[in-house]
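Student: Supplied in structure tokens, the structure appears directly below.
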Amino acid sequence: MNKTELDKNMLKKCSEIIEQLRNTCPLTHCITNYVTINDCANAVLAIGGSPSMANEAPEIKEFVEIAGATVINMGTLLEDQIEPMKIAATHTKKTGTPLVLDPVAVGVTQLRNDVTVDLIEQSSVSVIRGNMSEIKAIAKLFNIITESVMAKGVDVADSDVIGEDNIQENASIVKNIAKKLDTVIAVSGPVDIISDGKVVYIIDNGDAVMSKITGSGCMLTCVIGSFTAVTNPLEAALIGSLSMAIAGEKAKDKMELNDEGSGSFRTYLIDELYKMNKNSIIEYGKLYKLKEEN
């Protein structure tokens, strides 16, 4: 695959979805982890959604029915969260509610592997968002690839960090997984790779300091979830990833300008999500569509 010039048409299309989200303010139902739950709720609010963080099994179906989208994040995977996750996954399929899955640390334990497979098989998941190690682990669980995956806890394995030397290979893998699972795969890293199994996009925004705070990936997943309530899964993954990556760049600039650290960056990141608009996407977005090599 070869990187082409900026996809200005898709950038423009994605940029307009922000106002659509804010005018609609859809309920984004998040079953997420206790480490980052507050930041996730604030990220959804900042981008223009309305978060609900309901985790109790008896009310899950009702929240799925009224929500514009449901997000499942397996970060802490408490025993009493597994049943609500499965109820939500099954019910989103019945109601047609968009579902975004963040399979945190899949590939690390058998429990996470089993729950991930169950959630995907029981639902019609709209977007799977993770790092490259997590996405490869899912591919191995579904016999899409055979290579061993060496996940490093919740972080990406060093060998799976996306860079110029392996972007073409990883893009092909992501496209194949998206096609086989009939979903959108959104891989986050130094370069983001997003595919619906037909086309592949890369986003070359963001900053390394985003990995120095807990929850940036969790926030991204919830932001993508909000966007799935107002547009198709591919565009939701693109505009969600662009918004978070550009916010990260701008937050880093402000942190450095004020000679501050990661605590301030965390606050600025949400500030920049709140300030995100279509002009920011057009001006700063580095979105490329990849084309097949001859």
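The values are calculated or read from the model by the stated rules, or taken from the named source; none is laboratory data. Because the structure is a prediction, the values reported are computed rather than measured. Quick reminder, even Gly has a Cβ in these numbers, built from the backbone with ideal geometry, and neighbours come from all protein chains shown.
Student: Restricting region 244-283 to residues that are outside any helix (DSSP H, G or I) and of a type in the set (Asp, Glu), which is nearest to Val44 (Cα to Cα)?
Tutor: Applying the filter and picking the extreme gives Glu260.
Student: Can you tell which of Thr28, Thr36, Thr76 is in contact (Cβ under 8 Å) with a residue 24 or more places away in the chain and within 18 Å of Ala229 (Cα to Cα)? Spell out how you get there, then give the answer.
Tutor: Numbers: Thr36 fails: within 18 Å of Ala229 (Cα to Cα); Thr76 fails: within 18 Å of Ala229 (Cα to Cα).
Testing whether each residue is in contact (Cβ under 8 Å) with a residue 24 or more places away in the chain and within 18 Å of Ala229 (Cα to Cα) leaves just Thr28.
Student: Then there's this: Test Lys175 against the stated conditions and say whether it is surrounded by fewer than 20 Cβ atoms within 10 Å (Cβ to Cβ), under 18 Å from Pro233 (Cα atoms) and either modelled with pLDDT of 95 or more or more than 20 Å from the chain's Cα centre (by Cα) (or both).
Tutor: no
Student: Assess whether Val44 counts as being closer than 29 Å to Ala245 by Cβ, buried (at least 24 other Cβ atoms within 10 Å of the Cβ) and touching a Ser or Thr at 6+ places or on another chain (Cβ under 9 Å).
Tutor: Here the answer is yes, as Val44 does meet what is asked.
Student: Okay, moving on. Collect the residues in region 14-41 that are under 20 Å from Thr95 (Cα atoms) and of a type in the set (S, T, N, Q), keeping them in residue-number order. Break it down stepwise before answering.
Tutor: First, pick out the residues of region 14-41 that are under 20 Å from Thr95 (Cα atoms): 24-31.
Within region 14-41, Thr24, Thr28 qualify.
Student: Another question, if that's okay. Working only within region 39-70, note down all residues that are of a type outside the set (A, V, I, L, M, F, W, C) and within 17 Å of the chain's Cα centre (by Cα). Break it down stepwise before answering.
Tutor: First pass over region 39-70, keeping only residues of a type outside the set (A, V, I, L, M, F, W, C): 39, 42, 48-52, 55-56, 58-59, 61-62, 65, 68, 70.
Residues satisfying the conditions are Asp39, Asn42, Gly48, Gly49, Pro51, Gly68, Thr70.
Student: Quick check on region 62-86: of everything there that is surrounded by fewer than 16 Cβ atoms within 10 Å (Cβ to Cβ) and at pLDDT 95 or above, which residue is farthest from Thr116 (Cα to Cα)?
Tutor: The extreme case among them is Ile66.
Student: Suppose we keep only residues that are of a type in the set (Ser, Thr, Tyr), under 14 Å from the mean Cα position of the chain (by Cα) and not in a strand (DSSP E or B) within region 183-212. Which one would you say is farthest from Leu290 (Cα to Cα)?
Tutor: The extreme case among them is Thr183.
Student: Being touching a Leu at 6+ places or on another chain (Cβ under 8 Å), under 29 Å from Leu78 (Cβ atoms) and at pLDDT 95 or above is the requirement here; does Ser188 meet it? Full working, then the answer.
Tutor: Details: touching a Leu at 6+ places or on another chain (Cβ under 8 Å): yes; under 29 Å from Leu78 (Cβ atoms): yes; at pLDDT 95 or above: no.
When the stated conditions are applied, Ser188 does not pass them.
Student: Which residue out of Leu21, Leu11, Leu27 is in contact with a strand residue (DSSP E or B) (Cβ under 7 Å, 6 or more places away or on another chain), under 18 Å from Pro98 (Cα atoms) and surrounded by 16 or more Cβ atoms within 10 Å (Cβ to Cβ)?
Tutor: Result of the check over Leu21, Leu11, Leu27: Leu27.
Student: Restrict the check to region 269-277 and report whether at least one residue is in contact with a Phe, Trp or Tyr (Cβ under 7 Å, 6 or more places away or on another chain) and farther than 18 Å from Cys30 by Cβ. Steps first, please.
Tutor: Applying the first criterion (in contact with a Phe, Trp or Tyr (Cβ under 7 Å, 6 or more places away or on another chain)) to region 269-277 yields none.
Checked region 269-277: no residue is in contact with a Phe, Trp or Tyr (Cβ under 7 Å, 6 or more places away or on another chain) and farther than 18 Å from Cys30 by Cβ.
Student: Let me ask you something else. On the given criteria, is Val230 under 18 Å from Gly48 (Cβ atoms), touching a helix residue (DSSP H, G or I) at 6+ places or on another chain (Cβ under 6 Å), part of a loop (DSSP other than H, G, I, E, B) and of a type outside the set (Ser, Thr, Tyr)?
Tutor: Yes; evaluated as a whole, the condition is true for this residue.
Student: In region 143-165, what residues are surrounded by 15 or more Cβ atoms within 10 Å (Cβ to Cβ) and either assigned to a helix (DSSP H, G or I) or at pLDDT 60 or above (or both)?
Tutor: Scanning region 143-165 gives Ile144, Ile145, Asp160, Val161, Ile162.
Student: What do you reckon, is Glu16 of a type in the set (D, E, K, R), assigned to a helix (DSSP H, G or I) and either more than 29 Å from Lys275 (Cα to Cα) or out of contact with any Pro (no Cβ under 9 Å at 6 or more places or on another chain) (or both)?
Tutor: yes
Student: Within region 47-61, how many residues turn out to be small (Gly, Ala, Ser), farther than 20 Å from Thr267 by Cβ and either in contact with a strand residue (DSSP E or B) (Cβ under 8 Å, 6 or more places away or on another chain) or crowded, with 18+ Cβ neighbours inside 10 Å (or both)?
Tutor: 3
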